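Take a look at this one; I'll ask things after.
The values are calculated or read from the model by the stated rules, or taken from the named source; none is laboratory data. Being a predicted model, the structure only gives us computed values, none of them experimental. When we count neighbours, we look across all protein chains shown, and the Cβ atoms used for this are built from the backbone with ideal geometry, even at glycine.
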Amino acid sequence: MAAEVELDGVTKRFAPGQAALDGVTLQVERGELVVVVGPSGCGKSTALRVVAGLEEPDSGAVAIAGRAMRGVPPQDRDVAMVFQGYALYPQMTARQIIEFPLKMRGVPRGERERAVEEAAATLRLERLLDRRPGELSGGERQRVAMGRAIVRKPRVFLFDEPLSNLDASLRSDIRLELGELVRRLGATALYVTHDHVEAMTLADRIAVMRAGRLLQLGTPREIYERPATSFVGAFLGSPRMNLIAARVTGDAIVAGPFRLPRPVGKLPERLDVGVRPEDVHLGGSGAPGYVVAVEPLGAETHVVVRVGDRDVRARARGFDAHRRGDEVKVAIDASRALLFDAEGAGERVS
Ligand SMILES: Nc1ncnc2c1ncn2[C@@H]1O[C@H](COP(=O)(O)OP(=O)(O)OP(=O)(O)O)[C@@H](O)[C@H]1O
Ligand SMILES: [Mg+2]
């Protein structure tokens, strides 16, 4: 069966030099929600725009539901896109904006009203439906733009950072409902975000991009536990994964003050050892260091410890008793450490 959305070697260049998209091949299955992440400027919005038909690739192809999209205008693709910079008709009310696509399609009034109510409930917009964009906050406007996309019940949703302007609690409420709604509609979705939690919780699979290329496509768990490169490992996860420069010496890997058993098989000479903050343990035995920062979040505390000339990030449960300046012993869980080639693309070697 053909994938629902397919990018096949898509390259897009706006100017000579660095391509915005550089040979991106990606298949999204029907009903799947793929979250696209990567640093600013890596090509996420461009990827969505070529699927929407707002940009044509220079080379490579886009297909939706097995149908080649070259030359097919956006309105004939059955795709709804929520843009990063949402533009709303200033003279319409939120209700009129949301129901507009249905009105264009000749959907009867009663059905339109039901669709608007449903979208408004999902997006917590019930009491704002009679306001115009000028009377709405940035986050409210963002939700109206999403409502307009949702009521269309398209085959494919393209969301470009749709919740970026919302406060944390609204964001998590809408995240849950949006994920549920997209799945209930059986729609396929590409969803761009900079938010680690959104990526991990919403995605069936996460696509990690860098400089126009797709580095890895995998389930959130695969990406987190088996990142293809040190960049992917460090990109997803908060606080960031520790990367400690290391060398292989005899039967050990020496990463600064830490020693790990050397796994069997060929290894490059220079490595980066990747250790998630939850696999760093403070107190007990280990390398001596001192605390340089403590960030209590309630359920957990992030502690930064200077060990020799490097900072190691640790995650402790609840409110941790460590204070800035405290001397502390630092140990890493070697069984959970990842090994990356320190050269080239930083590929994971173990
Ligand atoms: N219309 C355009 N003309 C020229 N360059 C463009 C255009 N659109 C995007 N670019 C460039 O293409 C690259 C990818 O841009 P894109 O908007 O896809 O990045 P992004 O990953 O969405 O970034 P962000 O996270 O900041 O939104 C960037 O270097 C950007 O400057
Ligand atoms: Mg963008």
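Test Ala331 against the stated conditions and say whether it is touching a residue at least 24 places away in the same chain (Cβ under 8 Å) and closer than 16 Å to Leu260 by Cα. Give the derivation first.
Values: touching a residue at least 24 places away in the same chain (Cβ under 8 Å): yes; closer than 16 Å to Leu260 by Cα: yes.
In short, yes.
Restricting attention to region 199-249, which residues are farther than 20 Å from Val24 by Cα and in a strand (DSSP E or B)?
Those that are farther than 20 Å from Val24 by Cα and in a strand (DSSP E or B): Asn242, Leu243, Ile244, Ala245, Ala246, Arg247, Val248, Thr249.
Do we find a residue being among the hydrophobic types (A, V, I, L, M, F, W, C), touching a residue at least 24 places away in the same chain (Cβ under 8 Å) and farther than 23 Å from Thr201 by Cα anywhere in region 22-40?
yes
I'm trying to understand the selection: among the residues of region 335-348, which are on the phi < 0 side of the Ramachandran plot and either at pLDDT 95 or above or in a helix (DSSP H, G or I) (or both)?
Passing the criteria: Ser335, Arg336, Ala337, Leu338, Leu339, Phe340, Asp341, Ala342, Glu347, Arg348.
Continuing with this model, one more query. Of all the residues that make up region 22-44, how many are near ligand 2 (Cβ under 10 Å from one of its atoms), in contact with a strand residue (DSSP E or B) (Cβ under 9 Å, 6 or more places away or on another chain) and assigned to a loop (DSSP other than H, G, I, E, B)?
3
Further question: Look through region 27-42, keep the residues that are within 14 Å of ligand 1 (Cβ to nearest atom) and over 14 Å from Leu158 (Cα atoms), and return whichever of them is surrounded by the most Cβ atoms within 10 Å (Cβ to Cβ).
Gly38
Sort through Met92, Met104, Met81, Met69 and tell me the only one that's buried (at least 21 other Cβ atoms within 10 Å of the Cβ), within 30 Å of Arg132 (Cα to Cα) and assigned by TED's automatic domain parsing to the domain that holds Tyr191. Even if it seems obvious, please write down each step before you answer.
Numbers: Met92 fails: buried (at least 21 other Cβ atoms within 10 Å of the Cβ); Met104 fails: buried (at least 21 other Cβ atoms within 10 Å of the Cβ); Met69 fails: within 30 Å of Arg132 (Cα to Cα).
Among Met92, Met104, Met81, Met69, only Met81 is buried (at least 21 other Cβ atoms within 10 Å of the Cβ), within 30 Å of Arg132 (Cα to Cα) and assigned by TED's automatic domain parsing to the domain that holds Tyr191.
Consider Ala321 carefully, then state whether it is exposed (fewer than 14 other Cβ atoms within 10 Å of the Cβ), over 28 Å from the mean Cα position of the chain (by Cα) and outside the structural domain of Arg226 (by TED's automatic domain parsing).
Taking the combined requirement at face value, the residue satisfies it.
Would a scan of region 97-106 turn up a residue that is outside any loop (DSSP other than H, G, I, E, B) and within 16 Å of ligand 2 (Cβ to nearest atom)?
No - not one qualifying residue is present in region 97-106.
Which of the residues that make up region 88-104 are touching a residue at least 24 places away in the same chain (Cβ under 8 Å) and of a type outside the set (Val, Ile, Thr)?
Matches in region 88-104: Leu88, Tyr89, Pro90, Gln91, Met92, Ala94, Arg95, Glu99, Phe100, Pro101, Leu102.
Yes or no: region 148-156 includes at least one residue that is charged (D, E, K, R), modelled with pLDDT of 90 or more and over 28 Å from Glu4 (Cβ atoms).
No.
Of all residues in region 275-294, which are more than 33 Å from the chain's Cα centre (by Cα) and closer than 22 Å to Ala234 by Cβ?
Listed by number, the residues that qualify are Ala287, Gly289.
Let me ask you something else. Can you tell which of Ala47, Ala19 is within 16 Å of ligand 1 (Cβ to nearest atom), assigned to a helix (DSSP H, G or I) and in the same structural domain as Ile150 (by TED's automatic domain parsing)?
Within the list Ala47, Ala19, the selection yields Ala47.
Is there a residue being within 16 Å of ligand 1 (Cβ to nearest atom), assigned by TED's automatic domain parsing to the domain that holds Gly43 and not hydrophobic (A, V, I, L, M, F, W, C) anywhere in region 225-236?
The answer is no, given that none of the residues of region 225-236 is within 16 Å of ligand 1 (Cβ to nearest atom), assigned by TED's automatic domain parsing to the domain that holds Gly43 and not hydrophobic (A, V, I, L, M, F, W, C).
Count, please, the residues in region 63-86 that happen to be within 15 Å of ligand 1 (Cβ to nearest atom) and in contact with a strand residue (DSSP E or B) (Cβ under 8 Å, 6 or more places away or on another chain).
4
Something else about it: Do you know which residues across region 154-179 are away from ligand 2 (no atom under 16 Å from the Cβ) and either farther than 20 Å from Val51 by Cβ or surrounded by fewer than 17 Cβ atoms within 10 Å (Cβ to Cβ) (or both)?
If the condition is that a residue be away from ligand 2 (no atom under 16 Å from the Cβ) and either farther than 20 Å from Val51 by Cβ or surrounded by fewer than 17 Cβ atoms within 10 Å (Cβ to Cβ) (or both), then Leu166, Asp167, Ala168, Ser169, Leu170, Arg171, Ser172, Asp173, Ile174, Arg175, Leu176, Glu177 are the ones that fit.
Select from region 1-16 the residues that are assigned to a strand (DSSP E or B) and within 14 Å of ligand 1 (Cβ to nearest atom) and write down the one among them that is surrounded by the most Cβ atoms within 10 Å (Cβ to Cβ). Break it down into steps so the answer makes sense when it comes.
Our first condition is that a residue be assigned to a strand (DSSP E or B); within region 1-16, this holds for 5-12.
Filter once more, keeping what is within 14 Å of ligand 1 (Cβ to nearest atom): 7, 10-12.
Working: Leu7: 25, Val10: 28, Thr11: 16, Lys12: 21.
Step by step, filter region 1-16, then rank; the result is Val10.
Only one of Gly289, Gly274 is touching a Lys or Arg at 6+ places or on another chain (Cβ under 7 Å), crowded, with 18+ Cβ neighbours inside 10 Å, modelled with pLDDT of 95 or more and in the same structural domain as Ala252 (by TED's automatic domain parsing). Can you tell me which?
Selected residue: Gly289, the only one of Gly289, Gly274 that is touching a Lys or Arg at 6+ places or on another chain (Cβ under 7 Å), crowded, with 18+ Cβ neighbours inside 10 Å, modelled with pLDDT of 95 or more and in the same structural domain as Ala252 (by TED's automatic domain parsing).
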